[in-house]
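**Student:** Mind looking over this structure? Questions follow.
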Amino acid sequence: MPQESLPSAVADGHDPLAPLRRDDIPGWGSDLDRAMRPAVPMERMPPRLDRPDHPPAQQHSHVEVLVSPERPGITPVFGTTAPPRGLSGMLRRAAFRQTENDVRHWLLLLLADRVDAVEGIGDDLRQGHIPNVFSEVGLPAVWRHDPRRVIRKAAIGAAVLGVGYWLLRRRK
């Protein structure tokens, strides 16, 4: 048998049935000693940070905190960046009456976020600040990169508004 057609291990004079040693295989590393493997977690003794034996003190709530029915109480530390208020708060309260594995829970939370965005625009208008909605939703960037899309969406929006106006006028 010609030497070129043999596998490299046999061509090097290695018996194919004999077990290979790790040191003989270039790039071998998955079976390195555990102390030499970077993917193996290594514990420090003593630990770098002391962990207290008791849980943190309960944070006091100054606003309503919505809690899932699947948990007995609120966690010791929590965030209240958007406390429930208005119609969006009512939707959030309704969502938290459902369990987290119920799709209604998540759909109500999504709807509450959209309603909260509209309520935020209303709050801006009440405070005398006129929001630049077109810039905030990224319309100038979309116009710069895909003007046909903006025109198509504007035409569809105008058609929907026109049909709605026509239906309202027809009722009267």
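The values are calculated or read from the model by the stated rules, or taken from the named source; none is laboratory data. Because the structure is a prediction, the values reported are computed rather than measured. With ideal geometry, Cβ positions are generated from the backbone for all residues, glycine too; neighbour counts draw on all protein chains shown.
**Student:** I need the full set of residues from segment 63-84 which are surrounded by fewer than 10 Cβ atoms within 10 Å (Cβ to Cβ), within 23 Å of ALA117 (Cα to Cα) and not hydroxyl-bearing (Ser, Thr, Tyr), in order please.
**Tutor:** VAL63, GLY79, listed by residue number.
**Student:** Right, here's the next one. Does segment 108-150 hold any residues that are touching a Phe, Trp or Tyr at 6+ places or on another chain (Cβ under 9 Å) and either touching a residue at least 12 places away in the same chain (Cβ under 8 Å) or of a type in the set (A, V, I, L, M) (or both), and which are they?
**Tutor:** Matches in segment 108-150: LEU108, LEU109, VAL150.
**Student:** Next up: Can you find a residue in segment 32-45 that is modelled with pLDDT of 85 or more, surrounded by 11 or more Cβ atoms within 10 Å (Cβ to Cβ) and not in a helix (DSSP H, G or I)?
**Tutor:** no
This table checks each residue for (1) under 23 Å from VAL67 (Cβ atoms); (2) part of a helix (DSSP H, G or I).
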residue	(1), (2)
ARG97	yes, no
HIS105	yes, yes
VAL115	yes, yes
ILE121	no, yes
ASP124	no, yes
HIS129	no, no
PHE134	no, yes
ALA141	no, yes
VAL150	no, yes
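**Student:** Out of everything in segment 98-125 that is modelled with pLDDT of 95 or more and over 19 Å from THR81 (Cα atoms), what residue ends up being surrounded by the most Cβ atoms within 10 Å (Cβ to Cβ)?
**Tutor:** Among those residues, the one meeting the criterion is HIS105.
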